[in-house]
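Here the structure is laid out as structure tokens; the discussion comes afterwards.
The values are calculated or read from the model by the stated rules, or taken from the named source; none is laboratory data. Everything numeric in this text was worked out from a predicted model, so none of it was measured. Heavy atoms of the whole protein, side chains included, go into the accessibility calculation; ligands, DNA and RNA do not. Shrake-Rupley method; radii C 1.70, N 1.55, O 1.52, S 1.80 Å.
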Amino acid sequence: MLLSSKGKHRRPSKTTRIATLAGVTTAAIAVPLMGASGASAASTSEWDTVAQCESGGNWSINTGNGYFGGLQFSPSTWAAYGGNSYASSADQASKSQQIAVAEKVLASQGKGAWPSCGVGLSGASTGGGTAPSGSGSSDSNGSGQSTSQSQQQNSQSSEERASRSQDRPAAKKTVETPTGKKVKKGDGEYKVVKGDTLSEIAAKEKVKGGWAKLYKLNGDIVDDADFIFPGQQLHLS
């Protein structure tokens with residue numbers, strides 16, 4: 001044994017001696033410590049990127065589309081992964097609390113929980129899993145029921161991801177006017193800020209043809225040349 005050997009073996013460190021004497025107990029402690037580091041955990045900057053894609057980076061957003069907070073949780077997902085211990089809905093929780101719940105969703109469902117925006121998350125597969133079932137074990141009589149519940153949850157997760165995939169593009173293609181009306185956002189290279197007018201933008205960006213040309217280039221999102229809104233993205237050529 002290393003503890004009693006002489007010659008070429010160096011005297012073991014205090015850590016090694018403790019580990020050798022502790023045996024199985026040390027191994028049992030090490031497992032949860034490694035798990036706590038979270039091989040599937042994403043960095044805060046990665047979650048910021050997801051939030052920017054999902055909600056424009058607004059961690060308190062509630063647009064009425066059925067999803068809440070910076071990472072756009074549905075009420076069922078928020079509750080299933082422990083979110084209600086923080087707040088009744090994600091938009092009322094802090095950024096760190098939303099990320100804590102998101103880590104659980106990521107570990108269970110993978111990047112597919114955020115179909116369009118989660119592709120850059122590290123340490124997780126693109127596939128989906130199931131939500132927590134709340135059951136730690138099953139016997140021979142309950143195995144069929146457990147499997148059925150798992151399949152049902154998996155189906156619900158798939159449907160929810162499909163719903164999110166359909167809802168997100170629609171949400172991101174509009175901006176809200178001061179009156180609460182939603183107008184088309186556009187995908188141009190110039191982002192309208194408060195106080196902008198087509199004339200000022202045309203002059204500042206040296207658009208040949210002035211405001212009229214700018215209006216024509218963006219006729220698909222600008223209904224009235226006198227009304228453009230912050231957040232709209234205009235084509236300049």
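Listed cross-link partners LYS185/LYS216; LYS185/LYS208; LYS184/LYS216; LYS181/LYS206; LYS111/LYS181 are compared with a 25 Å cut-off, the Cα-Cα value being larger for LYS181/LYS206; LYS111/LYS181. Subtracting the Cα-Cα distance of ASP220 and ASN65 from their residue separation scaled by 0.36 nm leaves 53.4 nm.
For SER122, the solvent-accessible surface computed with a 1.4 Å probe is close to 50 Å², ligands and nucleic acids excluded.
Taking all protein chains together and rolling a 1.4 Å probe, GLU46 ends up with roughly 40 Å² accessible.
Normalising by residue count, the range 46-112 has a Cα convex hull of 76 Å³ per residue. Using heavy atoms of the protein chains and a probe of 1.4 Å, the accessible area assigned to ASP196 is about 30 Å².
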